1. How much accessible area does Val56 have with a 1.4 Å probe, in Å² rounded to the nearest 10?
2. The list [x] 108; [y] 117; [z] 173 gives values of volume of the Cα convex hull per residue in Å³, and only one came from this structure; which label was calculated from it?
3. Could you pull out which residues in region 15-31 have an amide N less than 17 Å from a spot 7 Å beyond the Cα of Ala117, following the Cα-Cβ vector?
4. Report the local net charge at Thr141: Lys and Arg +1, Asp and Glu -1, summed over other residues whose C-beta lies under 12 Å from its C-beta.
5. Might you report the magnitude of the Cβ-based charge dipole of region 51-148 about its Cα centre, with Lys and Arg at +1 and Asp and Glu at -1, to the nearest 20 debye?
6. So how far apart, in nm, are the two label points at Arg4 and Ala32 if each is 7 Å from Cα heading toward Cβ?
7. Per 0.36 nm of contour for each residue apart, how much would the distance between Ala23 and Ala105 grow if the chain were fully extended, relative to their Cα-Cα spacing?
8. Contact order normalised by length for the chain, with contacts defined as Cα pairs under 8 Å and 6 or more residues apart; what percent is it?
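The values are calculated or read from the model by the stated rules, or taken from the named source; none is laboratory data. All figures in this text were calculated on a predicted structure; none of them were measured in a lab. Cβ coordinates were reconstructed from backbone atoms using ideal geometry, including for glycine residues, and neighbour counts include every protein chain displayed. With ligands, DNA and RNA removed, areas are computed over all heavy atoms of the protein, side chains included. Shrake-Rupley method; radii C 1.70, N 1.55, O 1.52, S 1.80 Å.
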Amino acid sequence: MQARFDLRASSPAGYAAMLKLNAHVHTCGLDAALLELLKVRVSQINGCAFCIDMHVTAARKLGVEEQRMHLLAAWREAPGFGAAERAALEWAEALTRLPDGAVPAAYEQACAHFTVAQVAELSLAVAEINAWNRLMMAARTPPMGAAS
């Protein structure tokens, strides 16, 4: 896979803006491991190899168990995900796919485990990773460990 362009070089101001949002998401007070799980799951849905590679690596560094990483794509049927994680994953999937009627139900589930402010921060995290997925796929950025 050959990269189409380097986002950092092609749009320095845009890249900087994305990094600013990333910094906010990482300092908003949500659990770092939960954020990485959300980023991996959204990246799986979107098919972004670069982001899956990056966020699986980050999740491992935070101590997320391999078994949970392997089962993340099937989290609804898998053990090992708590109620708050399930609500956050449901919210992330609803915002990523935007299916008719699913966002209100997912919102109520999220609000059962998170404050409204935390749901807003989860929403920013989901928006951020969706944007990164689209940017990395547009640029055709290969995973960091991949050979060109």
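1. Counting only protein heavy atoms, the figure is 30 Å².
2. After the calculation, the listed value that fits is [y].
3. Of the residues in region 15-31, 24-31 have backbone N under 17 Å from the label point off Ala117.
4. Around Thr141, the surrounding residues sum to +2.
5. Dipole size: approximately 300 debye.
6. Those two pseudo-labels are separated by 3.3 nm.
7. Stretched fully, the Ala23-Ala105 segment lengthens by 26.6 nm.
8. Relative contact order here is 41 percent.
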